[in-house]
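Structure first, commentary second.
The values are calculated or read from the model by the stated rules, or taken from the named source; none is laboratory data. Model, not experiment: these values are computed from the prediction. Neighbour counts run over all protein chains shown; Cβ positions are idealised from the backbone, glycine included. Accessible surface is based on the protein model in full, side chains and every heavy atom, while ligands, DNA and RNA are left aside. Shrake-Rupley method; radii C 1.70, N 1.55, O 1.52, S 1.80 Å.
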Amino acid sequence: DLTIDHKAVGAGLAFDGKGNWRGEAVSLVARLPGDAASPRWRLSLSGAGATLSADGEKTADAAVRWSATTALDVTDPARLARLARVGADVLRAPLRLEGALTVADGTATLTEATLRLGRATAKGSLALAFAGDEPTIGGTLAFGTIAFRPDEPLFGDGWRDLALARDRFGIALALRLSASELAAPRFTLTRPAVALDLAGGRLDAQIGDVGL
């Protein structure tokens, strides 16, 4: 069920839709910009325990640029994984990612990013580059304390079954992650840092100096 509204030449397009995808109810609200007099755009997509929203504007000086404040909320990661048919039981904690989004020249950049994973919070920036043989997600995220609690697990066991082969995973990674501390019931690690690089189906993980 999709409704499209285009009032006049130069005006933006409005999309409103609801439907069912793989057994889940999904909804879409989109407002696309028209000419320079109406550059605003908005997007809201929800379904399977997740919501993606963006509100911004389109500019076209030397090149077309889309900018927005955006947020992704995932309250039920397992449900979303089943819908997207990606690795099940990889993530168990609810997730929220928000920041300032810019899309231009084949790259989507999220600056002033805040990632909340369960009780843990990280600050940093992320980028998705579409050019090249495979899309690449890169960036830096610095967490405060990450607490591993048996009653509130952050991750499941499904990561062991993730296929990293290039024809199966289809994306490259270049991530730098750090935390002030990792707190487990029997030990605490201070200032851990990890570099994750995945390209062509090969994963390279490097761990920096860690205090115990």
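What is the one condition in (1) closer than 24 Å to LEU126 by Cα; (2) open to solvent by less than 40 Å² (accessible area, probe 1.4 Å) that LEU43 does not satisfy?
Failing condition for LEU43: (2).
Where the second residue is surrounded by fewer than 12 Cβ atoms within 10 Å (Cβ to Cβ) and at pLDDT 80 or above and the first is over 22 Å from LEU128 (Cα atoms) and charged (D, E, K, R) and lies in region 140-169, which pairs have Cβ atoms under 8 Å and are six or more apart or on separate chains?
Hits for this filter: ARG149/PRO185.
Please enumerate the residues belonging to region 6-28 that are modelled with pLDDT of 85 or more and not in a strand (DSSP E or B).
Listed by number, the residues that qualify are ARG22, GLY23.
To keep it simple, each residue is scored yes or no on (1) over 15 Å from VAL103 (Cα atoms); (2) at pLDDT below 95; (3) part of a strand (DSSP E or B).
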site: ILE4; (1), (2), (3): yes, yes, yes
site: ALA30; (1), (2), (3): yes, yes, yes
site: ALA37; (1), (2), (3): yes, yes, no
site: TRP41; (1), (2), (3): no, yes, yes
site: GLU57; (1), (2), (3): no, yes, yes
site: TRP66; (1), (2), (3): no, yes, yes
site: LEU72; (1), (2), (3): yes, no, yes
site: ARG79; (1), (2), (3): yes, yes, no
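Of all the residues that make up region 15-42, how many are touching a residue at least 40 places away in the same chain (Cβ under 8 Å) and either of a type in the set (D, E, K, R) or in contact with a strand residue (DSSP E or B) (Cβ under 6 Å, 6 or more places away or on another chain) (or both)?
2
What number goes with the only condition from (1) open to solvent by 90 Å² or more (accessible area, probe 1.4 Å); (2) over 20 Å from SER125 (Cα atoms); (3) modelled with pLDDT of 80 or more that PHE148 does not pass?
The single condition PHE148 does not satisfy is (1).
For residues that are buried (at least 16 other Cβ atoms within 10 Å of the Cβ) and either farther than 29 Å from PRO33 by Cβ or under 13 Å from the mean Cα position of the chain (by Cα) (or both), tally how many sit in region 95-115.
Matching residues across region 95-115 total 10.
Suppose we filter region 172-192 for residues that are part of a strand (DSSP E or B), hydrophobic (A, V, I, L, M, F, W, C) and touching a Leu at 6+ places or on another chain (Cβ under 7 Å); how many remain?
Total meeting the criteria: 6.
Mind listing just one residue for me: the one in region 156-210 that is in contact with a helix residue (DSSP H, G or I) (Cβ under 8 Å, 6 or more places away or on another chain) and open to solvent by 40 Å² or more (accessible area, probe 1.4 Å) and, of those, modelled with the highest pLDDT?
Selected residue: GLY200.
When you check GLY34 against the structure, is it over 23 Å from THR107 (Cβ atoms) and crowded, with 17+ Cβ neighbours inside 10 Å, yes or no?
Against the criterion (over 23 Å from THR107 (Cβ atoms) and crowded, with 17+ Cβ neighbours inside 10 Å), GLY34 qualifies.
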